[in-house]
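Here is the structure we will look at.
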Amino acid sequence: MGQALNQGVMQAKLWYAQRISAMVLGICVAAHLAMIFYAIRGGLTAQEILGRTEGNVLFAFFYEVFVLACFIHAPIGINNILQETFPRSGIGKPAAYVLGLLILVLGSTAVVGVYSGGAL
Amino acid sequence: MSNTDLKVKVWRGAEQGEFVEYLVPRNPNQTVLDVVTYIQRKLDPTLSYRFACRVGMCGSCAMTVNGVARWTCRTHVSQIVQGDALEIAPLNNLPVIKDLATDMREFFNKWKGAVGFFKGDKTRYDDFAKVQPDSQERQLANAGIECIGCGVCYASCEVVESRPNYLGPAALNRAWTLTNDVRDVQQIERMRAVAGDAGCHACHSQGSCTEACPKSIAPTASIAGLKKLVARAAVRGSKWGKL
Amino acid sequence: MSARPRLDSRAKSHLSYFAYASHRFSGLLLACFLPLHFLMLSQSLRGAQGFEQSLALTDLWVFKFGEWALVILLAVHLAGGLRLLILEFGPWNGLRKGWIQLSTLFGIACGLLFLYLAN
């Protein structure tokens, strides 16, 4: 009974975390989509991208928040999908952790990359 | 209106079986229950099925008609017939006893499992509980209390199919109405019961339950209410305590 | 003799289920894409020239198609996600089917806008 309750509390917290991160992502994704449409006009070059992001603290902050929100949101979603599609395999949790790690590490690296423009 | 007979495929057997086709004469204003009754009385007396009131009040006649769970007494053949073909099967997600009759025990056990029953702390010697009919809680409860336990929502839910432990829309809906019953004294137990893998957070708001409910109840809404309540109780606590 | 019938597409042929399926499908694909996206962007650590060289890979038509598809998936997932947030946190007003129709249009609009703006 105690274990079921702990699991219940865990489920509730994961649900909450996913919805809160979803709210953050709602703003981030909307902004990102708008930026995409703005940026792709007339083609997209590395120069153009870095021209906007290099040394721009605001962008760096925005993108890092974006990465962190994805880090929370996507692994929980993946776990749900795998848990329901392959219930006895137990693959949900490890896959979620792997995805989380990839997003956090690669995402933060990308943020550092576009902020520094290779000047590291 | 065509004068050809209806070609009605009916599930015969139990978990294993087959669809058997019967030819049923068409009538104006014919319901699917009329069709099943005709088959059992005139064509094949061995057909097993359930019904009671036959006027859309009891929910006993619920079956899967052309793939969708419905009350057969309230389903006009003319509304759902495909050409001249009908397919009638027992409710999904429930064990089949025989032909069109399913074993409803797990459905009602889950109702209990979700603490979908009332318990108060007043006796006959106390004054009446005073519940404001226009209070928010009472209005939320009222939105879901017309449920008669027909099983249509349960039979329509894909999460019930994929998670055998999932309490299901009817049980969770009932739990929600009782969560909003200010007289009930089991709120912590109820919240614990509907948290967890088998509880409200397994719902994906697919909405099949709300689409299918013959009483226009929205279990999706009730479950959304439970999700918020349980999440807050787990993180911050509720007016009855923390999970 | 066969097994008893199960829930099939007839039980799921309604708008709200379609919204769920699109949200799940788009989310899954986006989740798979995200690490690759970040890997690509981290090539910026090579500086503008190195970054440009890595980006040249995306000139292949399959990447262009992928970009277009991903923009649509993102739009669909965003709109479907906002609908879910309203369903779960907002006042109940039905399954928000109007929203589903708008989301579909939004996805199509984003796809078209992408085609129009990209060279």
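(1) on the phi < 0 side of the Ramachandran plot; (2) open to solvent by less than 70 Å² (accessible area, probe 1.4 Å): which one isn't true of C:TRP61, the others all being true?
(2)
What are the pairs with Cβ atoms under 9 angstrom where one residue, in segment C:78-95, is closer than 18 Å to B:LEU229 by Cβ and the other, located anywhere, is among the basic types (Lys, Arg) and part of a loop (DSSP other than H, G, I, E, B)? Sequence gap at least six, or different chains.
Short answer, once both residue conditions are applied: C:ILE86/C:ARG96; C:LEU87/C:ARG96; C:GLY90/C:ARG96.
Which of the residues that make up segment A:11-28 are more than 14 Å from chain B (Cβ to nearest Cβ) and without any contact (Cβ under 8 Å) to a residue 12 or more places away in the chain?
A:GLY26, A:ILE27
Residues in segment C:13-54 that are over 22 Å from C:ILE86 (Cα atoms) and among the basic types (Lys, Arg): how many?
The qualifying residues number 1.
So the check is Cβ under 8 Å with 6+ separation or different chains; which pairs have a first residue in segment C:97-119 that's touching a residue at least 12 places away in the same chain (Cβ under 8 Å) and a second one that's assigned to a helix (DSSP H, G or I) and open to solvent by 100 Å² or more (accessible area, probe 1.4 Å)?
Filtered contacts from segment C:97-119: C:ILE100/C:PHE18.
For the subset of segment B:56-77 comprising residues that are over 17 Å from the mean Cα position of the chain (by Cα) and not in a helix (DSSP H, G or I), which member is surrounded by the fewest Cβ atoms within 10 Å (Cβ to Cβ)?
B:HIS76
Kindly establish whether C:ALA109 is open to solvent by 30 Å² or more (accessible area, probe 1.4 Å), within 11 Å of another protein chain (Cβ to nearest Cβ) and over 24 Å from A:GLN47 (Cα atoms).
Judged against the criteria, C:ALA109 is a match.
Report, by residue number, each residue of segment B:147-185 that is free of Cβ contacts under 8 Å to residues at least 60 places away in the same chain and within 14 Å of chain A (Cβ to nearest Cβ).
The answer is B:GLU158, B:VAL159, B:SER162, B:ARG163, B:PRO164, B:ASN165, B:TYR166, B:LEU167, B:LEU172.
Taking segment B:78-118, which residues are assigned to a loop (DSSP other than H, G, I, E, B) and β-branched (Val, Ile, Thr)?
B:VAL81, B:VAL115, listed by residue number.
The values are calculated or read from the model by the stated rules, or taken from the named source; none is laboratory data. Being a predicted model, the structure only gives us computed values, none of them experimental. All Cβ positions, glycine included, derive from the backbone under ideal geometry; neighbour counts span all protein chains shown. Keep in mind that these areas ignore ligands, DNA and RNA; they rest on the heavy atoms of the full protein, side chains included. Shrake-Rupley method; radii C 1.70, N 1.55, O 1.52, S 1.80 Å.
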